[in-house]
1. Can you tell me which condition R49 does not meet? The list is (1) part of a loop (DSSP other than H, G, I, E, B); (2) at pLDDT 70 or above; (3) not aliphatic (A, V, I, L, M), and all the others hold.
2. Residue by residue through the stretch 38-53, note down the ones that are of a type outside the set (A, V, I, L, M, F, W, C), open to solvent by 50 Å² or more (accessible area, probe 1.4 Å) and under 23 Å from the mean Cα position of the chain (by Cα).
3. Kindly list, by first and then second residue, each pair from a residue in the stretch 63-92 that is not hydrophobic (A, V, I, L, M, F, W, C) to a residue that is not in a strand (DSSP E or B), limited to pairs with Cβ atoms under 6 Å and residues at least 6 apart or on different chains.
4. I'd like the full set of residues that are among the aliphatic types (A, V, I, L, M) and open to solvent by 80 Å² or more (accessible area, probe 1.4 Å), limited to the stretch 6-37.
5. Would you be able to say whether some residue in the stretch 65-82 is modelled with pLDDT under 90 and under 18 Å from H15 (Cα atoms)?
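The values are calculated or read from the model by the stated rules, or taken from the named source; none is laboratory data. Everything numeric here is computed off the predicted structure, so don't read it as measured data. Cβ placement follows ideal geometry from the backbone for every residue including glycine, while neighbour counts extend to all protein chains displayed. Quick note on the areas: whole protein, heavy atoms, side chains included, nothing else; ligands and nucleic acids left out. Shrake-Rupley method; radii C 1.70, N 1.55, O 1.52, S 1.80 Å.
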Amino acid sequence: MPSGKGSKLLRYVEHRLRVTLHDGRSIVGTFLAFDKHLNLVLSEAEEFRTLKSKGGSSVLEERTEKRSLGLVLLRGENVVSMAVEGPPPPSGAGKLTPGGPGVARGAGRGMHAAAGPSVSNNRAMPPVGLGAAPVHGVGAGVGLGIPPPPPPPGGGGMPPPGMGRGMPPQPPPF
């Protein structure tokens, strides 16, 4: 097992952490993720700031302000320390479960999720999304002895001059 910082931090995912920042604030939240820069993602985060104010006769008063933040991303450059505040939630009531609602299924191109290729009157229908117009080599007529559609009118088979393969013929040099 690797012994880098990453493997040590992985065991604290989903734990409640207290993160102290460079400017003196501390953030308490559920540890979700981190990266190589030690950027941290915390959910249900709360910020705690200690404010010092002077009273009338040079008496320092300290009070702590609490602010609810929700989901936060903390830049690793600002993190001074991390401490575990509490264990992860019980395994049965864990909030982080793999996958979301529903089931992911590969459908393939032109396939309905619930059915395969449609068949009507003993002929295979073109896959959904290819349109109703027959196209040579694709769709209903393939392999069933149906001839391809005729070429478009007004053409013959030759492309316009200069549009064929290769370079158009050049006049002879002088």
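1. For R49, the failing item is (1).
2. Passing the criteria: only E44.
3. Listed pairs, sorted by first residue: R75/N39; G76/H37; G76/L38; G76/N39; N78/H22; P88/E14; P88/H15.
4. Within the stretch 6-37, the first condition is being among the aliphatic types (A, V, I, L, M), and the residues that meet it are 9-10, 13, 17, 19, 21, 27-28, 32-33.
Within the stretch 6-37, just L10 meets the criteria.
5. Step one: list which residues in the stretch 65-82 are modelled with pLDDT under 90, which gives none.
No, the conditions are met nowhere in the stretch 65-82.
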